[in-house]
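K.L.:
Sharing a structure here in structure tokens format.
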Amino acid sequence: MRRVTDQREIIILAPAWPGETRGSCIALRASLLLYLKHFFLVHYICISDRPFDGAREWPEDRVRWIHAPTVNSPKWLRFLQSLAGAHPAVAVRYAHARRAVMHAMRNVVRRSPETPFLVIEDIPTACFISRISREFPEMHVAIRSHNIIEKGFEPLCHVGSIVQRLCWRLELARMRRFEKSVCEAVDKVWAISQDDARDYADRLSVRTDGIVGVCMDVDRYAHVQAGDAKTIVHIGTADLRKGKGLTDFVQEVWPQVRAKVADARLVLAGRGTESYADPELGIEGLGFVDDDRDVLKQGRIFVNTQQIGAGVQLKSVVAMLAGKALVSTSMAAEGIDGQDGEHFVVAKSVKEMAARIADLILDTERTSRIAQNARKLAADVYSMAPFMDAGNPVLAAFINDSPKRERST
């Protein structure tokens, strides 16, 4: 493995800024820490609708923060724009930043003593891969997938009106072609978990080159209080994929919980959750919060209601680190180490989720045991050391292996 003193540089093309609260930001923070172990200088190009306000939290002076502005247009407009373009709708907001991204890359390449390496974070951000390959043919490129996008959106093909289902089937077909073509166009493909690596082989016939997972700031959540035994907390943006699970939970599961435990309380945090507030049902919708620990400390049980998605559900890992008894859908437990009933509780249906939450509320000893097991496991698995141990050989292979090769299995 070449050392940092070799003065090698890397460009990171990312869909968000690194951070400690949102799932994608946590994943980006982890990989950035890994890249800094292998490269002297990191040029972090972020396609975002807002500049970075967390640079002061990074004392590392080997990162150059570059903002490539984009616009968050409505979902229906992105879909229409995608029909007239070459990319699926999930990539449209990133494609809007094409000129800014390419301008930034030219500036970096022009000033660098050697052609920098490039890592593209997340599949939708790779909408420039053809242009990058043409303009910088000597550049070695890796893609780090945060989740399999065609798997993550596939359930939307089966809900809504006939027109909505048809539109989603069209979009899913474009996603599948786009994702496979991206994986075939780069030198290395990294999955975020072993589950995703298997899915890439099974669903898209793509062979991945290793796992670049996630690590968490374990100390950040080490002293979160146990919280109230009858308070259930949930943190997550109520967006297209996560919002359906939360809506189903509030409408179908929570009334059943309240029927068993009349004074149970539900605290929701994250953008869009304020619309779910219902004092009569004991539901508090906080909307966006600055510090997730202020929410986590309120209750002993954390519920992850997500039904649609892929990859590692980092809000579940956060709940475990904070010493919460996690009650999760089957999908929201994918990619997480641990055993059902020992480190978390997985509910396979709406009815089962209500019963499991009520059981935990009434059995505080079992709740505490699961919470303690969860905290220990998450701290062991998602701390910095195992992440670096697994990621270092993957990065070393990227640096040392140069020839492009066929990506399909």
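The values are calculated or read from the model by the stated rules, or taken from the named source; none is laboratory data. Just so it is clear, the model here is predicted, and its values are computed rather than measured. Quick reminder, even Gly has a Cβ in these numbers, built from the backbone with ideal geometry, and neighbours come from all protein chains shown.
K.L.:
Can you name every one of the strands (runs of 3 or more DSSP E) wholly within segment 195-299 that holds 1 or more residues which are out of contact with any Gly (no Cβ under 9 Å at 6 or more places or on another chain)?
P.N.:
Counting at least 1 such residues, we get 283-285.
K.L.:
Within segment 196-216, count every residue that is among the acidic types (Asp, Glu) and under 13 Å from Asn147 (Cβ atoms).
P.N.:
Adding up the residues that qualify gives 2.
K.L.:
Please specify each residue of segment 130-154 satisfying the condition of being in contact (Cβ under 8 Å) with a residue 60 or more places away in the chain, out of contact with any Phe, Trp or Tyr (no Cβ under 9 Å at 6 or more places or on another chain) and of a type outside the set (Gly, Ala, Ser).
P.N.:
If the condition is that a residue be in contact (Cβ under 8 Å) with a residue 60 or more places away in the chain, out of contact with any Phe, Trp or Tyr (no Cβ under 9 Å at 6 or more places or on another chain) and of a type outside the set (Gly, Ala, Ser), then His146, Asn147, Lys151 are the ones that fit.
Here's the yes/no breakdown for (1) surrounded by fewer than 17 Cβ atoms within 10 Å (Cβ to Cβ); (2) under 22 Å from Arg144 (Cα atoms); (3) not charged (D, E, K, R):
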| site | (1), (2), (3) |
| --- | --- |
| Arg29 | no, yes, no |
| Phe52 | no, yes, yes |
| Asp61 | yes, no, no |
| Thr70 | no, yes, yes |
| Arg78 | no, no, no |
| Ala86 | yes, yes, yes |
| Val90 | no, yes, yes |
| Ser112 | yes, no, yes |
| Phe117 | no, yes, yes |
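K.L.:
Taking into account only those residues within segment 215-237 that are crowded, with 22+ Cβ neighbours inside 10 Å and within 20 Å of the chain's Cα centre (by Cα), which is farthest from Asp122 (Cα to Cα)?
P.N.:
The extreme case among them is Val233.
K.L.:
Would you check if there is a residue in segment 345-367 being at pLDDT below 85, over 19 Å from Glu20 (Cα atoms) and of a type in the set (Ser, Thr, Tyr)?
P.N.:
yes
K.L.:
For Leu34, state whether it is within 30 Å of Cys167 (Cβ to Cβ) and either part of a loop (DSSP other than H, G, I, E, B) or in the same structural domain as Gly391 (by TED's automatic domain parsing) (or both).
P.N.:
For Leu34, the condition - within 30 Å of Cys167 (Cβ to Cβ) and either part of a loop (DSSP other than H, G, I, E, B) or in the same structural domain as Gly391 (by TED's automatic domain parsing) (or both) - is not met.
K.L.:
Can you tell me which residue among Ile162, Ile143, Ile148 is under 22 Å from the mean Cα position of the chain (by Cα) and either over 17 Å from Asp122 (Cβ atoms) or at pLDDT 85 or above (or both)?
P.N.:
On inspection, the qualifying residue turns out to be Ile143.
K.L.:
Need the failing condition index for Trp190 against (1) modelled with pLDDT under 95; (2) crowded, with 22+ Cβ neighbours inside 10 Å; (3) closer than 29 Å to Phe136 by Cα, just the number.
P.N.:
The single condition Trp190 does not satisfy is (1).
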